[in-house]
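Everything on this sheet refers to the single structure shown next.
The values are calculated or read from the model by the stated rules, or taken from the named source; none is laboratory data. Source: prediction; values computed, not measured. When we count neighbours, we look across all protein chains shown, and the Cβ atoms used for this are built from the backbone with ideal geometry, even at glycine. Surface accessibility is based on the protein's heavy atoms, side chains included, excluding ligands, DNA and RNA. Shrake-Rupley method; radii C 1.70, N 1.55, O 1.52, S 1.80 Å.
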Amino acid sequence: MSGREHRPALRTAVEAAERALEAGRAGEAEELLRAALDADPSSARALRTGLFCVQDIEVRGMLATAWRMRGRYRHAGLLLSQVLAAAERATGPSSPTVAWLCNEWGVLGKYTGDFDAAQGRYLRALEIYEETFGPDHDTVAMVCHNLGGLAHARGDARGGEPWAARSVEIRTRLHGPGHVLTALDTAAWATLLEGCGRLDDAELRLRQALSVFQDVFGPDSYDVAVTLHNLAAVQHRRGELGPAGSSYANALALKERLLGTDHPDLAPTLVNLAAVKASQGDLGPARSLYARVVGLLHGRVHERHPTLAVAREALDSLTGARG
């Protein structure tokens, strides 16, 4: 967000929605933002004319973020397309508002599998932020974090690791090693270290991040769930199938409590748990888990999305094995 003042009708809702998004309460944020927009005559006129002011752009960008967090990827993409074009007209093509929206659309592209477009949007955001704020700023660290995450989603751990390392370096310099932003970037870096085969380094950094998340957010938070998943991935990579299966199951249960049972972000944990089950010879549970992944992702992500492709291929293989 740019920090600009909002109209009184929106200011309170925006502040409350920002807190809700930071805490992972996307449904609450959506309700606050939609109610504020519906009650504001200026916002209604902007929607009819397509001439949004900066305040409208930022509120609708936050709404797109809430939709993305709730798994409503198509709705989020349509809204981001609208507000990015409006932001370019209202603020110029190189404003921090445009960079923020490019970054948000890049995050969405990572989830939907639109990887090339996401890469371009992230790099555009990075260029704007570096030009505006310099190379050692939180916004720069944020985009470096996201470029690392995109590389991880593509299966390119070695390509993503330098981006993640840069984000941790910036955050540590700005905030210190125990800050939650540093922990978030450290956890993301650890997933890439695991992909590079540096398992001991990955586990150490994941446990450091987990301690911060539990202290700041408590034991039942999304970041704790993701970190538990990533610790399970380290166990899985070591061939510790029993502990890995238990850890994936714990991460899945926490994700389901937080997100519901129909959220697409369950898919990475489901597909990894299915792989463990298949390796242990539990083919029936593995088939069920892979089928659930296909059901969660079909129609919500790109048809070539790697998690969807893995689930379909494995399901076909296991179904053939059953005869």
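Please verify whether the range 229-251 includes one or more residues that are assigned to a helix (DSSP H, G or I), touching a residue at least 40 places away in the same chain (Cβ under 8 Å) and either among the charged types (D, E, K, R) or open to solvent by 40 Å² or more (accessible area, probe 1.4 Å) (or both).
Yes, that holds for at least one residue.
Suppose the filter is of a type in the set (Gly, Ala, Ser) and either surrounded by fewer than 24 Cβ atoms within 10 Å (Cβ to Cβ) or within 22 Å of Asp136 (Cβ to Cβ) (or both); does Ala165 pass it?
Yes, satisfied.
Looking only at helices (runs of 4 or more DSSP H) that lie completely in the range 28-142, which have at least 3 residues being touching a Ser or Thr at 6+ places or on another chain (Cβ under 7 Å) and at pLDDT below 95?
Correct list: 54-69.
Does the range 259-286 hold any residues that are hydrophobic (A, V, I, L, M, F, W, C) and over 23 Å from Tyr222 (Cα atoms), and which are they?
Ala278, Leu283, Ala286
Read through the list (1) over 23 Å from Gly295 (Cα atoms); (2) in contact with a helix residue (DSSP H, G or I) (Cβ under 7 Å, 6 or more places away or on another chain); (3) open to solvent by less than 40 Å² (accessible area, probe 1.4 Å); (4) free of Cβ contacts under 8 Å to residues at least 24 places away in the same chain, then give the number of the only condition that Gly218 fails.
Unmet for Gly218, out of (1) over 23 Å from Gly295 (Cα atoms); (2) in contact with a helix residue (DSSP H, G or I) (Cβ under 7 Å, 6 or more places away or on another chain); (3) open to solvent by less than 40 Å² (accessible area, probe 1.4 Å); (4) free of Cβ contacts under 8 Å to residues at least 24 places away in the same chain: (2).
Does Thr97 satisfy being of a type outside the set (Gly, Ala, Ser), open to solvent by 40 Å² or more (accessible area, probe 1.4 Å) and more than 19 Å from the chain's Cα centre (by Cα)?
no
When you scan the range 231-246, do you find a residue that is under 19 Å from the mean Cα position of the chain (by Cα) and not aliphatic (A, V, I, L, M), even just one?
no
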